[in-house]
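Structure first, then comments.
The values are calculated or read from the model by the stated rules, or taken from the named source; none is laboratory data. Every value quoted in this text rests on a predicted model; they were computed, and no experiment measured them. Note: ideal-geometry Cβ built from the backbone for every residue, glycine included; neighbour counts use all protein chains shown.
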Amino acid sequence: MKLTRIAQVAAIGAIAALALAGCASNESGGGSTPSQSAGPALSGTLDGSGATSQQVAIQAWTAEFQTANPDVTVNYDPQGSGTGRQSFQSGAVSFAGSDRAFKVDEIAAGPFDACASGSDLVEIPAYVSPIAIAFNLKGVDKLQLDAATIAGIFAGTITNWNNPAIAATNSGVTLPDLAITPVHRSDKSGTTANFTDYLSQAAPSVWTYGSVEEWPLKSGEAAQGTSGVVNAIKGGNGTIGYADHSQTADLSAVTVQVGTQWVDPSADGASIALDASSVETGRAPTDLAFAINRTTEQSGAYPVMLVSYLIGCVEYKDAAAAALVKGFFTTAVSEAGQKAAATAAGSAPISSDLASKSQAAIDQIK
């Protein structure tokens, strides 16, 4: 689904107002088709924490879920992927939203205090979205950059906007003699992990810091959370940063070179990039963690993207929590839930095949 930036802004505002009210009380989803959960309507409070990128989508899923289950309250604390995973591991919340799955060695080490002893994890790729490389440069609203140039900007080796590497792919654009201010996340972030994964795969000779959740350099400007990065970019001239595309509607975004094409961030492009990737091997059947192919040259693919996961236990210590998580996850991967998130956040609905595999994993929750 392709959405204009104006449409995205309007949709985000509408669904945020609705869902935030629903988190505090128990209002319905405003006339959208509710997702059907098996059995009678649920009740209680479901607590989650994690990625800021998923926040708008989770608000949309909450509205859907509460339409079918009006006696449920969903609380989601968007503290970032790293904090969300830590809160889930400690048992402070029943589920996490994360822009990366747990690594195999992290799963082996544990602990996962909400889970029953020996339980596997459920990791569902429920939210697929482009990461915009957004910029604010007076007099310039379009830029084409290849991977090596993007990596050089964020590695601090390309420091001025009139650098020859930038000029080489932007014929006819008047580039100012102005210092570049790259903006990065100050917190442990799955968006950072996905962005640096792109840099390390697509330009390994320039970006030598690997795929990391915590920004490895002291240069540039640091900002807390997605909103902090977006506000920092907006607040300066010559700034550039990375953030979930759903939250960069007021900013210009870099067109990225993919093979011989130049590709803008879009839900369609993110979906094509996901289709060019595969689920990692060596994991539990309920753990659908993807290894993203950032160097694909598939036509239309936008590889600067994230797959954000909903993470829970296969077996919970608390049966009531298990029922709420199972119902909420079912809503998220349902056709209605994916459409609601796409409308609100401009995300790419997961394929019917992936939705079926995700539901099969969710069905194991108990």
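Out of the residues in the range 131-155 meeting the condition of being part of a strand (DSSP E or B) and not aliphatic (A, V, I, L, M), tell me which one is nearest to the chain's Cα centre (by Cα). Result: PHE135.
Scanning the range 291-301 finds no residues that are farther than 11 Å from ALA126 by Cα, in the same structural domain as SER117 (by TED's automatic domain parsing), surrounded by fewer than 22 Cβ atoms within 10 Å (Cβ to Cβ) and free of Cβ contacts under 8 Å to residues at least 60 places away in the same chain. Go through the range 113-125 residue by residue and tally those that are crowded, with 18+ Cβ neighbours inside 10 Å and either in a strand (DSSP E or B) or in contact with a Gly (Cβ under 8 Å, 6 or more places away or on another chain) (or both). Of the residues in that region, 7 qualify.
Once the range 64-96 is narrowed to residues that are part of a loop (DSSP other than H, G, I, E, B) and in contact with a strand residue (DSSP E or B) (Cβ under 8 Å, 6 or more places away or on another chain), the residue that is surrounded by the most Cβ atoms within 10 Å (Cβ to Cβ) is GLY80. The criterion of at least 1 residues that are without any contact (Cβ under 8 Å) to a residue 60 or more places away in the chain and either farther than 20 Å from TRP161 by Cα or more than 17 Å from the chain's Cα centre (by Cα) (or both) is met, among strands (runs of 3 or more DSSP E) falling completely within the range 212-265, by 221-223, 255-258, 261-263. For the range 108-125, the condition of being more than 29 Å from GLN247 (Cα to Cα), outside the structural domain of PHE329 (by TED's automatic domain parsing) and either without any contact (Cβ under 8 Å) to a residue 60 or more places away in the chain or of a type in the set (S, T, N, Q) (or both) holds for none of the residues.
Per-residue answers, yes or no, for (1) under 18 Å from GLY50 (Cβ atoms); (2) not assigned by TED's automatic domain parsing to the domain that holds THR83; (3) not polar (S, T, N, Q):
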{"residue": "ALA284", "(1), (2), (3)": "no, yes, yes"}
{"residue": "PRO303", "(1), (2), (3)": "no, yes, yes"}
{"residue": "LYS317", "(1), (2), (3)": "no, no, yes"}
{"residue": "SER334", "(1), (2), (3)": "no, no, no"}
{"residue": "SER347", "(1), (2), (3)": "yes, no, no"}
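If only residues of the range 180-192 that are among the small types (Gly, Ala, Ser) and surrounded by 22 or more Cβ atoms within 10 Å (Cβ to Cβ) are counted, the one that is nearest to TRP262 (Cα to Cα) is GLY190.
The lone criterion from (1) closer than 30 Å to GLY282 by Cα; (2) not in a strand (DSSP E or B) left unmet by VAL128 is number (2).
Number of residues in the range 161-179 that are closer than 24 Å to SER219 by Cα and either touching a Leu at 6+ places or on another chain (Cβ under 9 Å) or surrounded by 22 or more Cβ atoms within 10 Å (Cβ to Cβ) (or both) equals 9. Would you confirm whether any residue within the range 46-54 is under 24 Å from the mean Cα position of the chain (by Cα), in a helix (DSSP H, G or I) and modelled with pLDDT of 95 or more? Checking the range 46-54: not a single residue is under 24 Å from the mean Cα position of the chain (by Cα), in a helix (DSSP H, G or I) and modelled with pLDDT of 95 or more. Filtering the range 168-184 to residues that are touching a Phe, Trp or Tyr at 6+ places or on another chain (Cβ under 6 Å) and in a strand (DSSP E or B) leaves PRO182, HIS184. Residue count for the range 91-121 under the criterion of being closer than 12 Å to ALA289 by Cβ and in contact with a Cys (Cβ under 7 Å, 6 or more places away or on another chain): the result is 1.
ILE158 falls short on exactly one of the conditions (1) assigned to a helix (DSSP H, G or I); (2) buried (at least 21 other Cβ atoms within 10 Å of the Cβ), and that condition is (1).
Could you please let me know if PHE195 is assigned to a helix (DSSP H, G or I), under 24 Å from ALA273 (Cβ atoms) and touching a residue at least 24 places away in the same chain (Cβ under 8 Å)? Answer is yes for this residue.
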